[in-house]
Every structure is written in structure tokens, then in C-alpha cells.
Amino acid sequence: MSEKKLRFNSTLIHGSGYKDKLLSANVPIYQTSTFAFGSAEDGEKCFLGESDGYIYTRLGNPTIKALETTVARLENGFGAVATASGMAAVNTVYMALLEKGAHMIGTQAVYGPSRSVMEEQWKRFGVESTWVDTTEIENIKKAIKPNTKVLYIETPANPTIAVTDLRACSEIASQHNLYLVVDNTFCSPYLQNPLDFGADVVIHSMTKFINGHADIVAGMIVTKTEEMYRKIRPVMVNLGGNMDPHQAYLVLRGLKTLAIRIDKAQENAMKIAEYLEKNPKVQWVKYPGLKSHPQYELAKKQMRGPGAMISFELKGGFEAGKILMNNVKLALLAVSLGGVESLIEHPASMTHSKVSKEAKLEAGITDGLVRFSTGIEDVNDIIEDLEQSLSKI
Ligand code: LCS
């Protein structure tokens, strides 16, 4: 790796700094669980942290390390910890930063399991949580208690595409001594770098835009400081939520085209959002690139582009949603997001079905809400497909 700090698009390709004797163009897959030591002394040095040798893949592996280095650089962080899934990243962070008697404030409309695991599982261990509409900063201030330790933000949020002010959250977090954790999955580091706005930790489901090809599940935690990295890494290692080397190889491959994939997907998304906004079957459209988005100006300030995720409400509610889902032919009726293929889903009955009805309504997840993850197909084909399926309603 040269000393020169590479720009974003070059970091996507060369950011791992990996080089071996054979000068292989790609980071090899070190498909091994364990690494032999040259001698007892070498082994001792590895365990004492006095050498950068590898011990055991759950603790570290060169393929995984290459991915961690690249994503840490893309997020302007000190270091990164790769995990088996986005949820492994979320739970590792919860475990590292919260304990019995501690309280967390989170964005009301987050990815369903990030909230339900807190309310159903972590609660059993004495961790309290309050979920508020974080687009209104006053709601966060009101929810702070003496035992609040973490402010957990998802922006744009899944599935409402609501945008929360990162700078304002970081100010509150520092005033009240809270850790600010941001799930940056919907943007990827190409569109938003929460650590630059004062966040302490960034989480990614790399299953989505970072990998981008709907062929693996993976997660990443990026920390701003070395101290935070040292707090989180052992939790991942001991919890056992590590990534697999083959998974890391695939993400490294997908990551290389992150910028060109998102450029194309968000160009498509803008046209689709404009089309949907004019369609008489549609009540409203939420897309940060539309002036009608409630946080349009804020999104322009903290995001480098509006992204590829759109949500919209059908006038005909649940029934209309079902008709739409059953008639689309190009977009896949599927959960997940951020891949090269367009996906359409119905949060109320799919991703957020485990969230209580009251919590769903409070968070704006209505029965007629549709979430669209824009792919990189020809936009005319996507719009024609939506047109023919919306006409069936
Ligand atoms: N954070 C966000 C914002 C997500 O959208 C997801 C998954 C996760 C974390 C968890 O990541 P995973 O463990 O799946 O890698 N979101 C999904 C969704 O909207 N549909 O299916 C999965």
C-alpha cells in the first residue's frame, strides 16, 4: 500500500493494501480455521499481540482482514470488525455497549429485528430501550434518562426512509455522554459517513449495497477510535459471530463496483420516484431525492446522493398492496435490498411483521406501505412493469 491516501473509488479497488509474494490481483481466500506457528516463541508472540501473525479464523484471517481494512478506510474509521451478518453486528454492538440496568434510545422505524431483539431478548437481561421518532430531535432529548448509554440511529430508516439529523444527534450524544451508533446500511459509505458527523460506531448489513449481488449475508462494525475498536472486537470474537473467509472474498469482489452500482441505481430511483408521485393509485412517495420528502434539505446536507430505496403508500391500502405484489413481473417480490436487481416488498406483512401493530403504526409502517429497492436494470423496463401492475389495482 502506498503512503498516499486514496480517494473513495480507488479505495474500493485497492483499499485493502493486501499484497503477497505472487502479486495476486485479488485477495486469496484463506479457507482455513487455524494457522500453524513457526515455533513456540512465534505462537507466544501472536497470543501476546506482539506480532501480527494469525492464530485462528474466529479471531482473525487475512481475507477477512482485507475487507475490514477496506471498509474502515471507506468510513474514515480507526478499524472495523466483520461479522457473519448485519444482525450479528447489531447484537455485538448492543452487547459491547450496554449492560444490565442500562438504557438505549433508538429510531422508532428501524429494521424490525434490530428493535425486536432489544425488546424481546436484551430486555430479559435487564437492558431497557425507548424507541422514538428521531427525525424530531426533541423526542430524543425527552427520552434521555440517567442510565441512557446509547443513541441508536438508522438513517434513512427501514422502511420509512425517514432521515435523522446526524450532526444534531452527535451533539446530544456528546452533551449526555452517550455512544452514538448509526446503522448506515441504506446509504453505504459511498453516500454517507456517519463517523464524520460525530458517530462513535457505524453498522452495516453488507448483505445489501456493499456486497450488492444478493448472494451472501454479512455484516460490519466500524469504530471511530482505537479504544472503541478494542471494546468491540473481543465481544465479536467471544460471541462467535465472525465472518467466513469465503464470505469476505465475495464482499471484497462486490464492493469494487459499489460506486458505479449506486450511481446507476439512484439515477433509476429518481426517475421511478418521480413516476410514482404522478401515478393516481399512489397516495405519497418517500424518496430523499424528491422535494416532497420531509427531510429533503437535511438529506442533501448529510448524504452525497438520495440512494436507491423508495417507499410509497397505495391509496387502496392492504388489498392494493397485494394486487401490486402479485402482478409485478420484473422486480422480485422479496425482502432484502441493495442488490443489482429491483426488489419490491410489503413491510407490514414481511420485514416488520414481528413488530406490534401499535408500534408499526406509531412508526408509520402502514398496511399499504410498499418498499422498493431499485436495481440497475433499464429504468424503462422497471417503470413499464410498475405501470402494468399498478393498472391492475
Ligand atoms: N440493518 C438494516 C438497516 C437492515 O436493513 C438489515 C436487514 C439489517 C440491519 C440486518 O442485516 P442482515 O443480518 O440481514 O445482514 N434488512 C433486511 C430487510 O429489509 N429485508 O430483509 C433483510
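A short reminder: the numbers here are calculations on the coordinates, not readings from a lab. Bear in mind that the values here come from a model prediction, so they are computed numbers and not experimental data. With ideal geometry, Cβ positions are generated from the backbone for all residues, glycine too; neighbour counts draw on all protein chains shown.
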- Item | Estimated FRET transfer efficiency when R0 is 56 angstrom, pair residue 42-residue 177 (beta carbons, to 0.05) | 0.85
- Item | Rg/Rg_ref, the chain, where Rg_ref = 2.2 N^0.38 Å and atoms are Cα | 1.00
- If r is the Cβ-Cβ distance from residue 6 to residue 391 and R0 is 35 Å, what FRET efficiency results, to the nearest 0.05? 0.15
- Compare the Cα positions of 166, 388, 310 along the charge dipole of the chain (+1 at Cβ of Lys, Arg; -1 at Cβ of Asp, Glu; about the Cα centre) and return the one farthest towards the positive end. 166
- Task: Report the extension gain between residue 230 and residue 380 in nm, rounded to one decimal, defined as 0.36 nm multiplied by the number of residues separating them, less their alpha carbon distance.
- Result: 49.1 nm
- Query: If you line up the long axis of helix 86-97 against the longest principal axis of the chain, both from Cα atoms, how many degrees apart are they, to the nearest 10?
  - Reply: 60
- Item | Stokes-Einstein translational diffusion, region 258-390 - Kirkwood Rh over all Cα pairs, 0.692 mPa s, 37 °C, in µm²/s | 220
- Message: Could you work out how much longer the chain between residue 267 and residue 142 gets when fully extended? Use 0.36 nm per residue separation minus the Cα distance between them, nm to one decimal.
- Response: 41.1 nm
- Task: Sort region 56-138 into rounded, prolate or oblate with this rule: let a ≥ b ≥ c be the square roots of the eigenvalues of the Cα gyration tensor; rounded if a/c is under 1.5, and if a/c is not under 1.5, prolate when a/b is larger than b/c, oblate otherwise.
- Result: prolate
- Item | Gyration tensor verdict on region 202-322 (Cα atoms; rounded if a/c is under 1.5, prolate if a/b is larger than b/c, oblate otherwise) | prolate
- Simple SL model, points at 7 angstrom along Cα→Cβ for residue 20 and residue 55; separation in nm is 2.3
- Message: Suppose R0 equals 25 Å. What FRET efficiency, 1/(1 + (r/R0)^6) with r the Cβ-Cβ distance, do residue 283 and residue 336 give to the nearest 0.05?
- Response: 0.50
- Task: Find the centroid of the Cα atoms in region 71-147 and in region 16-70, then give the distance between the two in whole Å.
- Result: 31
- Query: In debye, nearest 20: dipole of region 258-390 around its Cα centre with unit charges on the Cβ of K, R (+) and D, E (-)?
  - Reply: 420
- Message: Roughly how far apart, in whole Å, are the Cα centres of region 252-315 and region 322-393?
- Response: 14
- The percentage of Cα-Cα pairs in region 324-393 separated by more than 13 Å is 64
- Task: Go through 30-40, 255-265 and give me the packing order, highest mean Cβ count within 10 Å leading.
- Result: 255-265, 30-40
- Message: Ranking request for peptides 236-242, 150-156, 172-178: highest mean number of other beta-carbon atoms within 10 Å first, then the rest in descending order.
- Response: 150-156, 236-242, 172-178
- With a ≥ b ≥ c from the Cα gyration tensor eigenvalues, square-rooted, and the rule rounded for a/c under 1.5, otherwise prolate when a/b > b/c and oblate otherwise, region 115-186 is oblate
- Let me have the relative contact order for the chain, percent, based on Cα pairs under 8 Å that are six or more residues apart. 17
